[in-house]
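Notes for the one structure printed next.
The values are calculated or read from the model by the stated rules, or taken from the named source; none is laboratory data. The structure presented is a predicted model; accordingly, all values stated were derived computationally and were not measured. Cβ: placed from backbone, ideal geometry, glycine included. Neighbour counts: every protein chain shown. Side chains included, ligands, DNA and RNA excluded: accessible areas come from the protein's heavy atoms. Shrake-Rupley method; radii C 1.70, N 1.55, O 1.52, S 1.80 Å.
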Amino acid sequence: MFWKLGFFKMGNALRLLYGKCFQPSTTGDSDSVGPPHTTTAPAVSALAHDLFNFEITSQVPEALSQHVVSSREAQVTWYGKLLQAWKEAKPPPKTPEEVARLIVETLSRAQYQKADVEGLLEFYGLPHPSILAEISTAVPTRLPEFARFQGGTRLPEFARFQGGIRLPEFVQFQSGTTLPEGVKFEMFTLPVVGKTVPDGDGLNVYVDTDDPRESSNIPGDVLMAADQRSEARAMKNYAVADELHQKIIKSGYRVIDFQNEEILARKYRIRLRGIDAPEMLMPFGEKAKQELVKLVDGKCLRVLVYGEDQYGRCVADVYCNHIFVQEVMLKKGLAWHYVTYDQRDEFVDWQKEARAKKTGLWEQSNPEKPWEWRKKNKREGR
């Protein structure tokens with residue numbers, strides 16, 4: 001069985017190349033966090049930026065003419081071909097070497113002048129791959145299509161999501177990017193289903209199993225069940241297919257339908273790091289949950305995991321469209337700073353700000369702390 005996944009709007013993909021090449025920051029205005037962009041592969045991100053601008057404006061970089069011999073009209077044609085090639089590449093390029101090969105291969109097929117290809121590579125500071133010599137002889141060069149197999153089953157090509165748009169594989173941290181201190185691993189989720197949010201400081205999310213961190217760890221019985229389910233559905237044996245899907249779900253996975261394509265995904269339970277929202281039976285418990293739903297419903301999240309709590313949840317910082325989720329919850333007075341487990345100064349400040357404005361739970365003169373409420377009510381399993 002082959003899990004088929006398509007690519008969607010390239011503009012958003014190129015824009016988000018930068019969005020995923022940063023370390024989270026807690027500076028900025030009162031409503032959101034503005035992370036600085038610190039990509040470690042400037043040649044890749046520079047071309048991505050220019051292709052993004054080209055898709056919107058049909059304009060090529062002004063300075064490019066100083067490096068190539070062909071006309072501006074020809075340059076526009078190049079960028080159109082490169083944009084299309086990047087969309088169709090499987091997987092899309094993510095290193096300077098891969099980008100250089102894509103440029104050479106794309107323009108060599110169109111039989112452009114060697115001087116133009118060399119100039120374009122020089123303009124972006126990209127290496128000259130060995131296939132460059134083939135341009136002058138018009139010998140076509142084709143990169144082998146990437147395929148990864150596990151247990152005889154081809155896994156879905158890796159992709160990210162943002163705001164409901166599926167992003168190509170190159171939209172991820174470049175090799176060597178440093179994560180914040182203490183982060184165990186990072187993941188990017190599929191769109192969150194709002195009705196699965198349990199409360200104001202927890203999430204249930206799914207991650208595409210073709211994420212490199214996931215693809216080598218899929219249990220063999222899950223892969224087999226997914227394969228058998230696909231065959232059962234093809235034969236319209238839906239009762240068997242549903243039974244197999246239940247087996248997959250019990251193993252912590254799910255087959256998710258997105259844009260008429262099926263994705264095998266792994267479930268993660270998330271506990272928002274450093275905050276503690278009111279319990280659902282407490283004042284503002286439901287309001288906190290609804291605020292979190294409003295933030296994440298239908299969105300794809302960047303999750304930085306610091307560890308695991310006693311209930312098996314990933315304790316994590318969560319970002320949604322560059323917005324730091326915990327910051328929003330604290331500033332709106334819908335969560336407490338969980339000082340027992342987190343000593344970040346900015347969390348202290350955000351809570352003080354909400355308290356001074358009598359926002360959210362701070363409307364109450366003496367709001368009860370959720371950890372004290374749990375102790376009093378002997379609630380477990382949060």
Less than 12 Å from a label point 7 Å out along the Cα-to-Cβ axis of Arg269: which backbone N atoms in region 177-202 qualify, by residue? 198-199, 202
Extended-chain gain in nm, criterion 0.36 nm per residue less alpha-carbon gap, Asp349 and Gln310: 11.2 nm
In region 40-132, carbon and sulfur make up what percent of the accessible area (probe 1.4 Å)? 49 percent
Full extension from Gln113 to Thr77: what is 0.36 nm times the residue separation minus their Cα-Cα distance, to one decimal in nm? 11.6 nm
Reported to the nearest 10 Å², Arg229 has, with a 1.4 Å probe, an accessible area equal to 20 Å²
Inter-label distance, nm, simple model (7 Å from Cα along the C-beta direction), Ala63/Asp257: 5.0 nm
With a 1.4 Å probe and all protein chains left in place, how much accessible area per residue does region 185-377 have, in Å²? 47 Å²
Pairs Lys195/Lys331; Lys294/Lys352; Lys294/Lys376; Lys247/Lys267: which are spaced more than 21 Å apart, C-alpha to C-alpha? Lys195/Lys331; Lys294/Lys352; Lys294/Lys376
Could you calculate the FRET efficiency of Glu122 with Asn217 from 1/(1 + (r/R0)^6), where r is the beta carbon distance between them and R0 is 41 Å, rounded to 0.05? 0.45
Could you please state, rounded to a whole Å, how far the C-alpha centre of region 329-382 is from the C-alpha centre of region 207-260? 40 Å
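From the Cα gyration tensor of region 248-361, with a ≥ b ≥ c the square roots of its eigenvalues, which class applies: rounded if a/c is under 1.5, or else prolate if a/b is larger than b/c, or else oblate?
prolate
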Computed over all unlike Cα pairs, the Kirkwood hydrodynamic radius of region 185-377 in Å stands at 18.2 Å
Principal axis extents for region 40-132, Cα atoms only, whole Å, descending order, please. 30, 30, 24
